[in-house]
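Before any comments, here is the structure.
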Amino acid sequence: MELRSIELDLPDPDGAARFLTGTWGLGDAGGDTDSSYLRGSGDQPYLVGLHRADHPLVRSVTFLANAEEIEAVRLRAAQRDVAVAEVSSADPGAGAGITLSLPDGAVIRLLAGAGRVAPVAGFPDRAVRLTHVVLNAVDAEATARFAEDMLGFRVSDRTKGMVFVRCNSSHHSIAFARAGFASLNHIAFEMADMDAVMRGIGRLRDVGMVPAWGPGRHGPGANVFAYFIAPFGAVVEFSTAVEVVGEDYRTGTPEDWSWPPNRIDQWGISGKDMAALGEAERVFRFRRRPNNE
């Protein structure tokens, strides 16, 4: 499988699209009066779908799959009495498949037969693709087990704060934060290289925005990062590609990812605005909330 896109509901999709295209650096992929689709430089028709709604919500996280993979998920869902819904996508790229909900209510959409587009050249500072989406979880371990048992994903690493899960050879395409509540943690956009990440930081500094965390280099995944809080409320990350791992990759434990005092990444050169990030990470909830939140 492959992570393709995230779909968000929010009151002002036009304003969010202006920031993501005019400042962050995505490209316009079309839309209408109530929806905007934004693409990267790679072959996906869009990375972010923005839809007008009264409240900010995560509509879905979309993965591309083949028909056999989707059928396998259907069978596992039937065996475990997990509800799935058949869907045909009206978003760019189309495709058909199923949706199902994670334990915390986040909707995962699996599409087969979705179209791709020609990559675009000449945009070195445009994100190539989504590298990962991180969701806050009431119980990150339970959610990760569901992703393994139901979707066929695999846990790559565990830290004190997160469980990192892969759907292919990329170290993680989704991760679940040990937050105690359910919401969007952040969206990570894969840039062409570290220079593109650093130029992105400079581009946002030009308009008065400073990183809420970064630049730095993560432990799990080994990606270079910089996090910002977007004007529409979401936490967004410039990132290099995460590490590629093999089938023999040993699942890491929190003890494998401990840092010296006062360090929160491999480099240890940047601070983290915990309060601002903590507030922003609660903005985009899911359509259904768990009973124990």
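Coordinate-derived values only; no laboratory data. Being a predicted model, the structure only gives us computed values, none of them experimental. When we count neighbours, we look across all protein chains shown, and the Cβ atoms used for this are built from the backbone with ideal geometry, even at glycine.
Before moving on, here are some points about what is shown:
- Once the C-beta distance of A72 and E279 is scaled by a Förster radius of 35 Å, the resulting FRET efficiency is 0.35 to the nearest 0.05.
- If only the Cβ of Lys and Arg carry +1 and only the Cβ of Asp and Glu carry -1, the dipole of the chain around its Cα centre is close to 300 debye.
- What the phi angles of region 247-258 give under the Karplus curve with 6.51, -1.76 and 1.60, with θ = phi - 60°, is a coupling list of 4, 8, 4, 7, 5, x, 10, x, 5, 6, 10, 9 Hz, glycine and proline written as x.
- Among residues other than E7 with Cβ under 15 Å from its Cβ, the summed charge is +3 (Lys and Arg +1, Asp and Glu -1).
- Sites matching trypsin sites (Lys or Arg not before Pro) across region 8-83 that sit in DSSP coil, with at most 15 neighbouring C-beta atoms within 10 Å: R80
- Dipole of region 2-112 [Lys/Arg +1, Asp/Glu -1 at C-beta], most positive-end residue of S35, Q79, T23: Q79
- Neighbour-count order for E86, E141, fewest beta carbons within 10 angstrom listed first: E86, E141
- Net charge dipole size for region 129-286 [Lys, Arg +1 and Asp, Glu -1 on Cβ; Debye, nearest 20]: 300
- Reported label for calculated Cα extents along the principal axes in Å given [x] 65, 51, 36; [y] 50, 48, 36; [z] 50, 48, 46: [y]
- Between the alpha-carbon centres of region 151-226 and region 249-270 there is a gap of 14 Å.
- In the chain, taking the dipole from charged Cβ atoms about the Cα centre, the farthest positive-side position among A196, A182, A96 is held by A182.
- Fewest-first sequence of W259, W213 by Cβ atoms within 10 Å of each Cβ: W259, W213
- Among N262, N223, N185: highest mean-square fluctuation, GNM of the chain, C-alpha pairs under 10 Å: N262
- Cleavage-rule hits (chymotrypsin sites (Phe, Trp or Tyr not before Pro)) in region 231-293: DSSP loop, at most 13 neighbouring Cβ within 10 angstrom: W267
- Across region 194-293, Cα-Cα pairs more than 21 Å apart make up 47 percent of the total.
- Qualifying GluC sites (Glu not before Pro) for region 237-288 [loop in DSSP, other Cβ within 10 Å: at most 14]: E247
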